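To start, the structure under review is shown below, and the notes come after it.
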Amino acid sequence: MGTVAAGREAPARLLKVAAAQVGAVHRWTDRADTLRRLISLLEDAAGRGAQLVLFPELTLTTFFPRYLIADEKELASFFEYGEDVTRSANAGKLFQRADELRIDICVGYAERTPDGHSYNTCVYFSANEHTVIMKYRKSHLPGTKEPYKEPGAINQLEKRYFEEGQEGFSAFRVPGMLNGTMKKSSNSDGDISAVGKGDPIVGILICNDRRWSEAWRVYGLQGAELILCGYNTTAWAPHLHGKHNQSREQSKADAYFYHKLVMQSNSYTNSCFSVCAARCGLDDNEFPLIGGSCIVGPNGRIIAEAQTEEDEVIFAEIDLTGCRPGKETTFNFGKHRRTELYRMLVDEKGVVEPDLLSD
Ligand code: CDT
């Protein structure tokens, strides 16, 4: 995939990014096998020159929230423990390999904290810093706490197994990816011309978060240039979607359509690049998840896209200066937003319809 032209005179800010799409991982899959596959994807991306590789939501296991798991020991086996996931037996080698290859990685996993809290989490590991520089916990948990009553219904029990992330959406800069970036020391006057010249500004979302424009806009308001989003999106879950009469084919087509719709539209309205990585394929030979890992430009167009529903690396060299035209014109927030009209966005959680009309 070629470089996406900036179309302006500003010096290019080129970044080689990849999504590591991960195919079926079964309930019975050996954790060591999964780890080997992840390292192989990382090495494949390294071979293409990637500086940053995004892995999916809950990268290390099957998507276990689809099951009502009564056995505490089995449930516990899907989580990583301790403060530092880079030392986890199930994931440590992936971070070590990224460090050796000098590649940043962003990896989703189920987190159980030392004081017993559980989150659907994603960390950003900086090879430049040799450590995790951002931990994000999923904010919008989909599905239900209790399983559906109908036998055979496909569940989504994230509200049962995880707590909602409370930290919100903190964009962060990633060091060591671009040469000659402006630093604090060279901008002691707080010069406005520093905008778009510092280290890349990144934000993390996890799966269902990508359907919420509010989350993207909070990142957009921090000048995010690149959004990273791992996901497990089922291709067939009639109860979850409230569409009981839909065919499997239509359900899958819809799942792909809405996935791309939100990645493309929110990248456009925040004038940022986005990378998304799927856990996909037929888990347990029974539960279909969509692929569709892709890299989207700030104009909302797809730059690179998965061709399979299996393990696959999607790669592109992107030029972050491509965010500037949108951020400076149509989506120049400082110039055009009407915050005085948006009160309802934070005052109301649910829908407040206008009064009914009189007879
Ligand atoms: N894993 C996850 O968050 N799945 C959700 C299901 C939401 S139902 C529309 C997703 O956004 O794919």
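General observations
- 5 angstrom amide H check on I206, placed H, neighbours 5+ away: S139
- Three-way shape call for the chain based on the alpha-carbon gyration tensor, with the a/c threshold at 1.5: oblate
- Helical runs (DSSP H, four residues minimum) scored at -39500 (n - 2.57) apiece and divided by the length of the chain put the mean residue ellipticity at 222 nm at -6500 deg cm²/dmol.
- Note on K73: lysines with a C-alpha under 22 Å away, same-chain residues under 8 apart excluded, are K145, K159.
- When only Cα pairs below 8 angstrom with a gap of at least 6 residues are kept, the chain shows a relative contact order of 22 percent.
- Sparse-neighbourhood loop sites, GluC sites (Glu not before Pro) in region 253-314 - DSSP loop, at most 13 other Cβ within 10 angstrom: E286, E310
Read-outs throughout are calculated quantities, based only on the coordinates presented, and are distinct from any laboratory measurement. Computed from a prediction, not measured in an experiment: that's the story for all the values here. Every residue, glycine as well, gets a Cβ built from its backbone with ideal geometry; the counts of neighbours run over all protein chains shown.
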